[in-house]
Amino acid sequence: MIYLDHNATTPLHPRVLEKMVPYLTEQFGNPSSFYGLGREARNGLEQAREKVAGGIGAREDEIVFTSGGTEADNLALRGVARALREKGNHIITSVIEHHAVLKTCEDLATDGFEVTFLPVDGQGLVDPEKVRRCMRPETILISIMAANNETGAVQPLREIVAAASERGVLVHTDAVQAIGKVEVDVDKLGVDLLSLSAHKLYGPKGVGALYVRRGTPLLSPMSGGHHERGVRAGTENVAGAVGLGEALVLATENRAEEMERLARLRDRLERGLQERIDDARVNSGEVERVANTTNLSFRAVDGEAILLHLDLRGICASTGSACATDSPEPSHVLQGMGLEPRLAQGTIRFSLGHDSTQEEVERTIEAMAEIVKSLRAISSVA
C-alpha cells in the first residue's frame, strides 16, 4: 500500500502508543479523583498539558483539552461569541475554512450574529487589507486557518493579527494542518485562540486542544462539571492527552529536515505529473505551502474515478477534505479560489508523511499517467 493521505489522518507513532498504554491499563484512574490512582492520572494529564504548551510556545494554563479539532473550533467560536455578545455581534472568517468553522459560523448567524465570509485570491490567500476594511466597531472575532487542509496554502496570519490588534479584535486560527509542518508559536503569531488535533500528527484520534491566551474572554457552550478549569466539561481523555503531548514533542524533532525531505518529494511528484499528463494544474502552487501537500486538477476527468483506480492499485489519496467526502459538490475551497466546477471535480490531493519514499512517488506518477490517459480515452469516446 502507498499511503498519500496524511492530511486526512496519520498512523499512530509507536512512541506515542508506548506513552499511552499505561493510562489505558494500570494507570486508568479518573484525574479528578483524590486517591493515588487518580493523582497518577492527573500527573499524566498535566505533563501532557506541559508538552502541548511547550510545542506551541504557550503556558500550561492556556491549554484546554478537547475531543479534536472540530470541538476546539466550536469552543473557540461559540465561547467567544457568548462571552462578548454584549460588546458586539460581528465575526469575520473566510470562504475556504474547514467546515468546523464554516458550519459553526453559519449556526451563529441564525442566533443573531453577523458573519462576513471573506473571499480569497486565485492562490487561496486572504488579503489582510480586506480584513482591515471589513472590521467595524461591533467586530469581536476573526477566524482564519493557519494552513489549508486541501491545498496546503499558508495564510498571512501575522499580518491579519496585526490588522486585528489595531482594533482590539480577537483572532482564532485553526492550525490543525500547520502543526508539525511549519513553526507554530502563539506569541510570534499573536493569535488569541488556536485549535489543534492529535491524529493529524501521528497521535490518536479523538483528542485535540484549544489554546486560549490568558485573559481571553470565553464562556463554554457546554454544561457539566468543572473540568479543564470550567471551560470544557467532561472527564478528560488522559491517554489521548498523553498521546497528543508526545506527538507534539515528536513533531518538533527534526521538523526542518523532514519538511525539506517532504518538499523534495512533493516537488518531484508535481513535476512528474505535469510532465506525464497534459493540463495538470497545481493549485496554490505559487505561494508558501506546507511541505507535504499538493493539490492538482486534471481536465476532462473525474476525481472520484481517479481515486477508484488508485485504490485498485493500492494507492490512497483524496479529492479534498476527508470531512466532506459524502458531498457531491465540488470543493468549496477550490470554488472559492475561482476554479470552474468541472475542473474542481477533477482534483486530487496528495499529502505525504514520514513513511513516504521516492519509490512511492515514482510509482504514483506512473499510475496516475496511466489512469488519466485511460479515463480521458473513455470520456472522449462517450
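We did not get these values from a lab; they are worked out from the coordinates using the rules stated. Here the structure is a predicted model, which means the values were calculated and not measured. Using ideal geometry, Cβ is built from the backbone for each residue, glycine included, and neighbour counts are taken over all protein chains shown.
Comparing 203, 277, 168 along the charge dipole axis of the chain, the residue lying farthest to the positive side is 168, per the Cβ-charge model.
Kindly express, to the nearest 10 degrees and within the range 0 to 90, the angle between helix 255-276's C-alpha long axis and the longest C-alpha principal axis of the chain. Between helix and principal axis, roughly 30 degrees. Taking the number of Cβ atoms within 10 Å of each Cβ as an exposure proxy, the fewest-first ranking of 96, 348 is 348, 96.
Quick one: compute the contact order of the stretch 1-135, relative version, from alpha carbon pairs under 8 angstrom and 6+ residues apart, as a percent.
Relative contact order here is 13 percent.
With charges only on Cβ, +1 for K and R and -1 for D and E, what is the dipole size of the chain about its Cα centre, in debye, rounded to 20? Walk me through the numbers on the way to the answer.
Working: 42 positive and 55 negative charges, 95 e Å.
Dipole about the Cα centre, nearest 20: 460 debye.
The fraction of Cα-Cα pairs per 10 angstrom bin, counted from 0 for the stretch 121-256, comes to 11, 36, 35, 16, 1 percent, rounded to whole percents.
The order of 67, 195, 143, going from fewest to most other C-beta atoms within 10 Å of their C-beta, is 67, 143, 195.
Rounded to the nearest 10 degrees, the inclination of helix 14-24 to the longest alpha-carbon principal axis of the chain is 40 degrees. Gaussian network model of the chain, Cα springs within a sub-10 Å range: biggest mean-square fluctuation belongs to which of 312, 102, 125? Highest fluctuation among the options: 312.
Relative to the longest principal axis of the Cα atoms of the chain, the long axis of helix 36-56 lies at roughly 50 degrees.
Quantify how much of the Cα-Cα distance distribution of the stretch 130-177 extends past 16 Å, in percent.
On the way: 418 of 1128 pairs.
When all Cα pairs of the stretch 130-177 are counted, 37 percent exceed 16 Å.
Local charge sum around residue 213 (other residues, Cβ-Cβ under 12 Å, Lys/Arg +1, Asp/Glu -1)? Show your work: numbers first, answer last.
On the way: positive: 59, 214; negative: 61, 62, 187, 192.
Neighbourhood net charge equals -2.
Cross-link reach is defined here as a Cα-Cα straight distance under 25 Å, omitting same-chain residues fewer than 8 places apart; for residue 103 the lysines meeting it are 87, 130, 200, 205.
I'd like the per residue volume of the convex hull spanned by the Cα atoms of the stretch 1-116, given in cubic angstrom. Don't jump to the answer; show the numbers that get you there.
Numbers: hull volume 20.3 nm³, N = 116.
Spelled out: Cα convex hull of the stretch 1-116, divided by residues, is 175 Å³.
With neighbour counts taken as other beta-carbon atoms within 10 Å, the residues 197, 165 rank, fewest first, as 165, 197.
Among the trypsin sites (Lys or Arg not before Pro) in the stretch 108-208, those located in a DSSP loop and surrounded by at most 15 other Cβ atoms within 10 Å of their own Cβ are 167.
Here, the chain yields an orientationally averaged convex hull projection of 19.1 nm² when only Cα atoms define the hull. Helices in the chain, meaning DSSP H runs of at least 4 residues, each add -39500 (n - 2.57). Divided by all residues, the mean residue ellipticity at 222 nm is -13000 deg cm²/dmol.
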